[in-house]
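What follows is a single structure, written as structure tokens, with notes after it.
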Amino acid sequence: MSGNVADKKMLIRKKFLEVRNALSSDQVEQKSRMIQEKLFQLPEFIDSKVVHTYVSMSSMNEVSTREIIQYCFDQNKKVVVPKIEKQGVLSHHLIESVEELEKNSWGVGEPKTVNNFPVDELSIVLVPMVSADNLKNRLGYGMGFYDRFLSQIKTFNIGLAFDCQFSKNMLPVEPFDKKMDVIFTESRKVT
């Protein structure tokens, strides 16, 4: 990785994490609901049979996915969530209830039991992000988990972010960075 690009990403990541962390829990809840309503109307979501989603961390003010997970259950969709493995990769597990989740050492909800799910059967993937731009570029947390995962599959990838995380300028990108197919914020849909 080019040191210059890595340094730029680190500074941008720090800025947007600070901005997002300044949101109140009420703002996060309200804005998340607006994003969820847009997502639920997306044809690719409506047609999906298996939804892969991150489990949002309220401590990090991420776009909430708990309601999305419950909505998927209510719509008879299968829900698959990631688990961070020691090798720096994600494994993927089918869950049937949010009660099956427990926080790992980073505070991320993960399945308590192993129920591996084949990633080639995923319909869509909901992707967390620190920042996004109008070209559907995504800046993650810098660990590369999702870029590695998304490079192995052919699914419809949906980024979820708040307006305050949106960069007016193009984000610095590297060859391994994966673009989203669509990004939702509370006020926009970037396609």
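Is it the case that some residue within the stretch 127-145 is over 23 Å from Lys49 (Cα atoms), of a type in the set (Lys, Arg) and buried (at least 19 other Cβ atoms within 10 Å of the Cβ)? Taking every residue of the stretch 127-145 in turn, at least one turns out to be over 23 Å from Lys49 (Cα atoms), of a type in the set (Lys, Arg) and buried (at least 19 other Cβ atoms within 10 Å of the Cβ). Residues in the stretch 91-109 that are touching a strand residue (DSSP E or B) at 6+ places or on another chain (Cβ under 6 Å), buried (at least 20 other Cβ atoms within 10 Å of the Cβ) and aliphatic (A, V, I, L, M): Ile95 only. Mind checking which residues of the stretch 92-134 are among the small types (Gly, Ala, Ser), within 16 Å of the chain's Cα centre (by Cα) and within 21 Å of Glu62 (Cα to Cα)? Correct list: Gly107, Gly109, Ser131, Ala132. Being surrounded by fewer than 16 Cβ atoms within 10 Å (Cβ to Cβ) and at pLDDT 95 or above: is that true of Pro43 here? Considered against the rule, which asks whether it is surrounded by fewer than 16 Cβ atoms within 10 Å (Cβ to Cβ) and at pLDDT 95 or above, Pro43 comes out as yes. When the stretch 148-191 is filtered for residues that are buried (at least 16 other Cβ atoms within 10 Å of the Cβ) and part of a helix (DSSP H, G or I), the ones remaining, listed by number, are Phe149, Leu150, Cys164, Gln165. Pairing residues of the stretch 140-160 that are among the aliphatic types (A, V, I, L, M) with residues that are in a helix (DSSP H, G or I), at Cβ distances under 6 Å and at least 6 apart in sequence or on separate chains, gives Ile153/Val119; Leu160/Ile35. Report yes if some residue within the stretch 8-23 is under 14 Å from the mean Cα position of the chain (by Cα) and crowded, with 19+ Cβ neighbours inside 10 Å; otherwise report no. No; the residues of the stretch 8-23 include none that is under 14 Å from the mean Cα position of the chain (by Cα) and crowded, with 19+ Cβ neighbours inside 10 Å.
For the stretch 58-103: of the residues being in contact with a helix residue (DSSP H, G or I) (Cβ under 6 Å, 6 or more places away or on another chain) and among the polar types (S, T, N, Q), which is nearest to Phe184 (Cα to Cα)? Taking the candidates together, the pick is Ser64.
Can you pull out every residue in the stretch 84-108 that is over 18 Å from Phe145 (Cα atoms) and either part of a strand (DSSP E or B) or of a type in the set (Val, Ile, Thr) (or both)? Leu94, Ile95, Val98, Leu101, Glu102 - these are the residues of the stretch 84-108 that are over 18 Å from Phe145 (Cα atoms) and either part of a strand (DSSP E or B) or of a type in the set (Val, Ile, Thr) (or both). For Phe184, the conditions (1) farther than 24 Å from Glu85 by Cα; (2) out of contact with any Leu (no Cβ under 7 Å at 6 or more places or on another chain); (3) not aliphatic (A, V, I, L, M) are fulfilled apart from (2).
With a requirement of 2 or more residues that are free of Cβ contacts under 8 Å to residues at least 12 places away in the same chain, the helices (runs of 4 or more DSSP H) lying completely within the stretch 1-83 that satisfy it span 3-21, 25-40, 43-47.
The values are calculated or read from the model by the stated rules, or taken from the named source; none is laboratory data. Quantities reported herein were computed from a predicted structural model and do not represent experimental measurements. Positions of Cβ are backbone-derived with ideal geometry, glycine not excepted, and every protein chain shown enters the neighbour counts.
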